[in-house]
Amino acid sequence: MNILVLNCGSSSIKYKLYNMTDESVLAQGGVERIGLDEAFVKVTLPNGEKKKIMHDMPDHKEGVNFVFSLLTDPEIGAIKSLNEIDAVGHRIVQGGDLFEDSVIVDKHVEDGIESLCDLAPVHNAGHLRGLRAVDALMPTTPQVCVFDNAFHSTMPDYAYLYAVPYELYKKYHVRRYGFHGTSHKYVSQRVCEFLGKDIKDMRIITCHIGNGASVTAIKGGKCIDTSMGLTPLAGVMMGSRSGDIDPSAVTYLMEKLGKKPQEMADFLNKESGVLGITGISSDMREIESAAEEGNEKALLALKMYNYRIKKYIGAYAAVMGGVDIIVWTAGVGENQISTRLEACSGLEFLGVKMDAEANKVRGKEAIISAPDSKVTVCVIPTDEEIVIARDTMRLVTEK
């Protein structure tokens with residue numbers, strides 16, 4: 001069975017085509033700048049070489065259509081016909097409390113995703129455009145939606161509710177949802193396979209640390225708390241997102257800066273975090289380089305960044321009554337040696353003992369804690385797409 005995984009954003013489409021017999025990747029790439037000038041696709045060729053192809057893409061339908069043409073291209077394609085694609089799986093950021101598991105797409109599902117656009121206007125609108133583009137071009141091919149927050153649906157109510165009048169939750173669905181669920185699900189399962197442990201017996205803290213970042217507490221294979229909230233803005237400090245902030249500080253700044261609600265949301269999402277503190281970049285590689293050169297704001301940003309991750313690790317160890325495994329994943333988590341070391345330092349009272357030499361690893365599975373550490377700390381590269389492909393295969397096969 002061949003399954004195409006699509007992640008459609010507001011102006012982008014990332015794709016991977018899998019042969020599910022052995023879960024091999026047949027083709028992959030990414031479309032950028034849909035609806036803008038100088039749109040292009042970066043495609044990975046069969047020999048591993050990456051190629052940039054310019055192509056005018058006024059909308060998602062044309063973007064998806066061009067992806068299909070590349071997949072079937074005689075020279076660089078992986079299949080001869082679109083009939084070789086058995087199903088399409090989509091990443092959907094916000095499923096609210098309407099969708100607690102992956103689902104096969106129908107009119108009811110599309111309407112549900114659309115009804116949640118207020119909670120994730122940019123993301124869900126892009127996902128819908130992708131769904132409808134595939135439906136227009138391949139109307140008989142089954143599609144599956146895999147929701148970013150579904151893994152977090154096992155949180156107890158006392159963890160996901162905000163301390164505001166309860167009727168606001170019932171009326172407006174205001175609660176903690178969490179995101180990066182497919183990543184947290186994958187790495188928590190994979191680390192147990194890697195270590196030869198039974199996930200049902202494990203207390204795991206997964207740190208998905210990239211430009212967007214979240215930390216999740218997983219007990220017995222189920223999420224019991226996560227750092228992101230109603231939106232991906234909450235939690236730890238991120239590349240351009242503030243993370244946790246006093247709501248009164250928000251209203252105070254709105255008055256001082258003369259910003260409307262959406263303008264303030266954009267400010268906290270796009271101009272804050274590491275970027276806001278340093279004024280340099282939201283890319284942690286650039287911040288680390290600046291810190292090495294003695295830039296004081298970069299040094300401050302790193303301290304803030306690592307400190308906030310450490311706080312969440314400590315909090316989640318507390319709510320689980322301890323921790324057995326800490327997992328680092330995503331761009332920063334898999335590659336930034338200093339962040340892993342600093343965020344785990346001082347946690348010896350929890351049983352964490354790092355191995356500085358073992359920690360000098362980037363982008364591959366590894367144990368980075370000391371042999372006598374009571375808590376095993378690991379790097380596990382994430383693979384959100386394979387989770388989507390597996391769920392898609394499961395649902396299509398069961399249908």
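Checking every residue in segment 4-11 against the condition of being at pLDDT below 85, touching an Asp or Glu at 6+ places or on another chain (Cβ under 8 Å) and either outside the structural domain of ASP86 (by the TED database) or not β-branched (Val, Ile, Thr) (or both) gives at least one match. For TYR186, state whether it is more than 20 Å from SER227 (Cβ to Cβ) and not aliphatic (A, V, I, L, M). Spelling it out, it is not the case that TYR186 is more than 20 Å from SER227 (Cβ to Cβ) and not aliphatic (A, V, I, L, M).
Kindly indicate the residue of segment 379-399 that is open to solvent by 30 Å² or more (accessible area, probe 1.4 Å) and among the acidic types (Asp, Glu) and also modelled with the lowest pLDDT among those meeting that condition. Per the stated criteria, the residue is GLU398.
Each row is one residue, and each column tells you yes or no for (1) touching a helix residue (DSSP H, G or I) at 6+ places or on another chain (Cβ under 7 Å); (2) part of a strand (DSSP E or B); (3) buried (at least 20 other Cβ atoms within 10 Å of the Cβ); (4) of a type outside the set (Asp, Glu).
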| site | (1), (2), (3), (4) |
| --- | --- |
| ILE53 | no, yes, no, yes |
| ASP56 | no, no, no, no |
| GLU62 | no, no, no, no |
| ASN65 | yes, no, no, yes |
| ASP73 | no, no, no, no |
| VAL88 | yes, yes, yes, yes |
| ARG91 | yes, yes, yes, yes |
| GLY96 | no, no, yes, yes |
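When TYR312, TYR307 are checked against the criterion of being buried (at least 18 other Cβ atoms within 10 Å of the Cβ), among the aromatic types (Phe, Trp, Tyr) and either in contact with a helix residue (DSSP H, G or I) (Cβ under 8 Å, 6 or more places away or on another chain) or assigned to a helix (DSSP H, G or I) (or both), TYR312 stands alone in meeting it. If the condition is being in contact with a Pro (Cβ under 9 Å, 6 or more places away or on another chain) and at positive phi, then segment 294-346 contributes only ALA330.
Of the residues screened, HIS108 is one that is at pLDDT 90 or above and not in a loop (DSSP other than H, G, I, E, B). VAL174 meets each of the listed conditions (1) among the β-branched types (Val, Ile, Thr); (2) open to solvent by 10 Å² or more (accessible area, probe 1.4 Å); (3) assigned to a strand (DSSP E or B) apart from (3). Does PHE151 count as part of a loop (DSSP other than H, G, I, E, B) and within 18 Å of the chain's Cα centre (by Cα)? Answer is no for this residue. If I filter segment 252-300 down to residues being acidic (Asp, Glu) and not in a helix (DSSP H, G or I), which single residue comes out as farthest from the chain's Cα centre (by Cα)? Among those residues, the one meeting the criterion is GLU293.
Residue by residue, here is whether (1) of a type in the set (S, T, N, Q); (2) in contact with a Pro (Cβ under 9 Å, 6 or more places away or on another chain) holds:
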position: LEU17; (1), (2): no, no
position: ALA39; (1), (2): no, yes
position: ASN47; (1), (2): yes, no
position: VAL67; (1), (2): no, no
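Contact annotation: no residue pair with Cβ atoms under 7 Å, 6 or more positions apart or on different chains, pairs a residue in segment 20-38 that is basic (Lys, Arg) with a partner that is open to solvent by 50 Å² or more (accessible area, probe 1.4 Å). Taken as a whole, the structure leaves ALA317 outside the set of residues that are touching a helix residue (DSSP H, G or I) at 6+ places or on another chain (Cβ under 6 Å), crowded, with 19+ Cβ neighbours inside 10 Å and more than 26 Å from THR231 (Cβ to Cβ). When PRO121, PRO156 are checked against the criterion of being closer than 22 Å to VAL174 by Cα and either modelled with pLDDT under 90 or of a type in the set (S, T, N, Q) (or both), PRO121 stands alone in meeting it. Within segment 185-204, the presence of at least one residue that is hydroxyl-bearing (Ser, Thr, Tyr), in contact (Cβ under 8 Å) with a residue 24 or more places away in the chain, open to solvent by 10 Å² or more (accessible area, probe 1.4 Å) and closer than 24 Å to VAL236 by Cα is confirmed. Checked against the criterion of being in contact with a Ser or Thr (Cβ under 6 Å, 6 or more places away or on another chain), open to solvent by 30 Å² or more (accessible area, probe 1.4 Å) and modelled with pLDDT of 95 or more, the candidates THR329, THR376 yield just one match: THR376. When LEU168, LEU230 are checked against the criterion of being hydrophobic (A, V, I, L, M, F, W, C) and either over 27 Å from HIS108 (Cβ atoms) or not in a loop (DSSP other than H, G, I, E, B) (or both), a single residue qualifies: LEU168.
The values are calculated or read from the model by the stated rules, or taken from the named source; none is laboratory data. These figures come from a predicted structure and were not determined experimentally. All Cβ positions, glycine included, derive from the backbone under ideal geometry; neighbour counts span all protein chains shown. Only protein heavy atoms, including side chains, enter the accessible area calculation; ligands, DNA and RNA are left aside. Shrake-Rupley method; radii C 1.70, N 1.55, O 1.52, S 1.80 Å.
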